[in-house]
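**Q** Have a look at the structure that comes next, please.
Read the figures in this text as sums done on the coordinates, not as results from a lab. Just so it is clear, the structure is predicted and the values come from calculations on it, not from any experiment. Virtual Cβ from ideal backbone geometry, glycine too; neighbours counted across all protein chains shown.
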Amino acid sequence: MSSLVKDNPAARRFEILVDNALAGFAAYDQPQGEVLVFTRTEVDPRYREMGVGSELVRRALDHVRARGGRVVPRCPFVAAFIDRHPEYAGLVLAQP
């Protein structure tokens, strides 16, 4: 199984393609400078329980980190991923 995660700014989401098929996405609001507010994550039922959602979020967060950005994890899946992987906690923008 090969996968590719890419940012699709026109759709405001990161997408994961598995064997060239859209398997899921992590949506975000209109970027606020270098800050992305993740709002929801969806994985096609055919790809659930295969780690696709975690791979999508991990690679999306790596992309944000590489460009020096920050995140606000309003999506419960993204928030839970960050809680389980503290190496990404530094990307979270503190909310007032």
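**Q** Using only Cα atoms and rounding to the nearest 10 degrees, what angle (0 to 90) does helix 52-66 make with the longest principal axis of the chain?
**A** So the helix axis and the longest Cα principal axis differ by about 40 degrees.
**Q** Could you pull out every residue, at least 5 positions away or on a different chain, whose amide H is within less than 5 Å of the one on residue 74? Hs are placed 1.01 Å off N in the peptide plane, and Pro or chain starts have none.
**A** Residues meeting the criterion, in which the H sits 1.01 Å from N, are 38.
**Q** With 10 angstrom as the radius, rank 91, 61 by how many other C-beta atoms surround their C-beta, starting from the fewest.
**A** 91, 61
**Q** Neighbour counts of other C-beta atoms within 10 Å: give me 42, 55, 49 arranged from fewest to most.
**A** 49, 42, 55
**Q** I've got another one for you. Show me, for segment 7-22, the HN-Hα J-couplings you get by feeding each phi into the Karplus relation (A = 6.51, B = -1.76, C = 1.60, θ = phi - 60°), rounded to Hz, glycine and proline as x.
**A** Couplings: 7, 10, x, 4, 9, 6, 6, 8, 10, 10, 9, 10, 6, 6, 10, 5 Hz.
**Q** Compute log10 of I(q)/I(0) for the chain with the Debye formula, placing one identical point scatterer on every Cα and leaving out solvent, at q = 0.14, 0.17 Å⁻¹, to two decimals.
**A** For the chain at q = 0.14, 0.17 Å⁻¹, log10 I(q)/I(0) is -0.45, -0.67.
**Q** Something else: If you rank 83, 7 by fewest surrounding Cβ atoms within 10 Å, what's the result?
**A** So the ranking, lowest neighbour count to highest, is 83, 7.
**Q** Out of residues 5 or more away from residue 24 or on other chains, whose amide H comes under 5 Å of its own, with H placed 1.01 Å from N in the peptide plane?
**A** 16, 44
**Q** If you don't mind, another one. Please compute the contact order of the chain in relative form: average sequence separation of alpha-carbon pairs under 8 Å and at least six residues apart, divided by the residue count, as a percent.
**A** About 22 percent, as a whole number.
**Q** Would you look at the GNM of the chain, springs on alpha carbons closer than 10 Å, and say which of 67, 12, 48 moves the most?
**A** Looking only at 67, 12, 48, the largest GNM fluctuation is found for 67.
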